[in-house]
Amino acid sequence: MTPDVTAFFDEATNTVSYVVRDPAGRKAAVIDSVLDFDHASGRTDTRSADEIIAFIEAEGLELDWVLETHVHADHLSAAPYLQERLGGKIGIGDRITVIQDTFGKVFNEGTEFQRDGSQFDELFRDGDSFYIGQLRGDVLHTPGHTPACLTYVIGDAAFVGDTLFMPDFGTARCDFPGGSADVMYDSVQKILSLPDETRIFVGHDYKAPGRDEYAWETTVGEQRARNVHIGGGTDRDDFVEMRETRDAKLAMPKLIVPSLQVNMRAGNMPEPDDQGDVFLKLPINKL
């Protein structure tokens with residue numbers, strides 16, 4: 001089946017969120033939503049999520065799933081807000097527990113922070129399936145960027161999160177805790193083993209040099225032939241050397257500190273204090 005896919009681009013974080021719809025009915029899923037966050041003031045806003053909600057309501061859709069491809073380090077998830085407004089189950093990969101354990105220590109979360117993935121409604125394993133109405137989705141575990149990254153293959157479309165970008169921009173960084181360029185190579189090969197005509201929808205776009213417009217849809221065939229990091233038969237050693245050299249020069253994402261604390265909680269803020277105020281922590285020399 002060919003799902004109907006509508007993209008929503010958040011230029012502040014270069015994130016692409018997707019509404020994926022069963023073409024035979026009214027059921028839908030949202031993949032990688034964004035909660036707007038102003039780092040300087042610490043204020044949140046729901047304008048990006050509200051745009052998705054308005055679309056879903058205008059189309060008369062019913063939300064089955066709010067899916068995360070991974071724990072994002074560059075934007076906050078709006079999953080709880082979407083669920084509160086529209087329903088649906090929040091899903092992520094079962095390796096979220098590795099992320100929670102790693103960053104629970106980084107942020108000194110203590111024993112009250114559950115590290116079992118229980119903040120999410122569904123923890124997917126490699127090979128699992130789910131349905132959006134009559135539309136089947138299959139789960140591929142595609143780690144490398146993080147240990148918990150997933151690709152959702154829904155009909156003829158694959159939602160790859162940060163594993164692959166557009167062919168002219170390459171692949172995602174692998175230097176976060178638990179990341180691995182060697183593992184990333186295998187994950188990309190898993191994606192590239194899908195049929196050539198499979199549509200690939202990426203999680204971000206940054207306009208590669210020489211390209212004037214943002215873009216987020218490509219195909220397996222195009223990625224295999226033209227991806228500047230791993231296309232054309234690039235071998236493992238060359239890819240790992242390129243990726244590790246490149247990653248060593250990259251700065252941390254500007255929203256990594258709030259994003260990780262919120263997203264490992266399924267998009268929820270830390271528990272408020274006795275006065276009802278919410279605080280995020282800033283670890284020193286930990287990232």
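For segment 124-151, taking the residues that are more than 22 Å from Ala181 (Cα to Cα), surrounded by 16 or more Cβ atoms within 10 Å (Cβ to Cβ) and touching a residue at least 60 places away in the same chain (Cβ under 8 Å), the one that is nearest to the chain's Cα centre (by Cα) is identified as Gly137. Checked against (1) of a type in the set (A, V, I, L, M); (2) within 28 Å of Leu287 (Cβ to Cβ); (3) crowded, with 20+ Cβ neighbours inside 10 Å, Ala157 meets all criteria but (2).
Got at least one residue in segment 116-123 being modelled with pLDDT of 95 or more, over 21 Å from Arg26 (Cβ atoms), surrounded by fewer than 24 Cβ atoms within 10 Å (Cβ to Cβ) and small (Gly, Ala, Ser)? Within segment 116-123 (the criterion being modelled with pLDDT of 95 or more, over 21 Å from Arg26 (Cβ atoms), surrounded by fewer than 24 Cβ atoms within 10 Å (Cβ to Cβ) and small (Gly, Ala, Ser)), the answer is yes, since at least one residue qualifies.
In contact (Cβ under 8 Å) with a residue 40 or more places away in the chain, in contact with a Ser or Thr (Cβ under 9 Å, 6 or more places away or on another chain) and surrounded by fewer than 19 Cβ atoms within 10 Å (Cβ to Cβ): does that describe Asp182? Criteria not met by Asp182.
Checked against the criterion of being under 25 Å from Val20 (Cβ atoms) and among the charged types (D, E, K, R), the candidates Asp182, Asp212, Asp168, Asp186 yield just one match: Asp168. Of all residues in segment 78-101, those that are in a helix (DSSP H, G or I) and at pLDDT 95 or above have Cβ atoms under 9 Å from Cβ atoms of residues that are of a type in the set (Phe, Trp, Tyr) and surrounded by fewer than 24 Cβ atoms within 10 Å (Cβ to Cβ), 6 or more apart or on another chain, in Ala79/Phe120; Ile96/Phe120; Gln100/Phe113. Of all residue pairs spaced 6 or more apart or on separate chains, none has beta-carbon atoms under 9 Å together with a first member in segment 162-174 that is without any contact (Cβ under 8 Å) to a residue 12 or more places away in the chain and closer than 12 Å to Phe239 by Cβ and a second member that is of a type outside the set (Asp, Glu) and surrounded by fewer than 22 Cβ atoms within 10 Å (Cβ to Cβ). One residue alone among Lys207, Lys190 is at positive phi and out of contact with any helix residue (DSSP H, G or I) (no Cβ under 6 Å at 6 or more places or on another chain), and that residue is Lys207. Note on segment 34-60: residues that are touching a residue at least 60 places away in the same chain (Cβ under 8 Å) and under 23 Å from His204 (Cβ atoms) amount to 3. Quick check on my filter: what residues within segment 167-221 are modelled with pLDDT under 95 and of a type in the set (A, V, I, L, M, F, W, C)? Correct list: Phe176, Ala208. Checked against the criteria, Asp175 does not count as surrounded by fewer than 18 Cβ atoms within 10 Å (Cβ to Cβ) and within 15 Å of Glu217 (Cβ to Cβ).
Would you confirm, using the coordinates I've provided, whether Thr146 is closer than 21 Å to Leu192 by Cβ and either hydroxyl-bearing (Ser, Thr, Tyr) or touching a Ser or Thr at 6+ places or on another chain (Cβ under 8 Å) (or both)?
So Thr146 fits the description; yes.
Among the conditions (1) surrounded by fewer than 16 Cβ atoms within 10 Å (Cβ to Cβ); (2) more than 18 Å from the chain's Cα centre (by Cα), the only one that Tyr206 does not satisfy is (2).
The values are calculated or read from the model by the stated rules, or taken from the named source; none is laboratory data. All values derive from a computational prediction rather than experimental measurement. Positions of Cβ are generated from backbone atoms using ideal geometry, with glycine treated the same way; all protein chains shown enter the neighbour counts.
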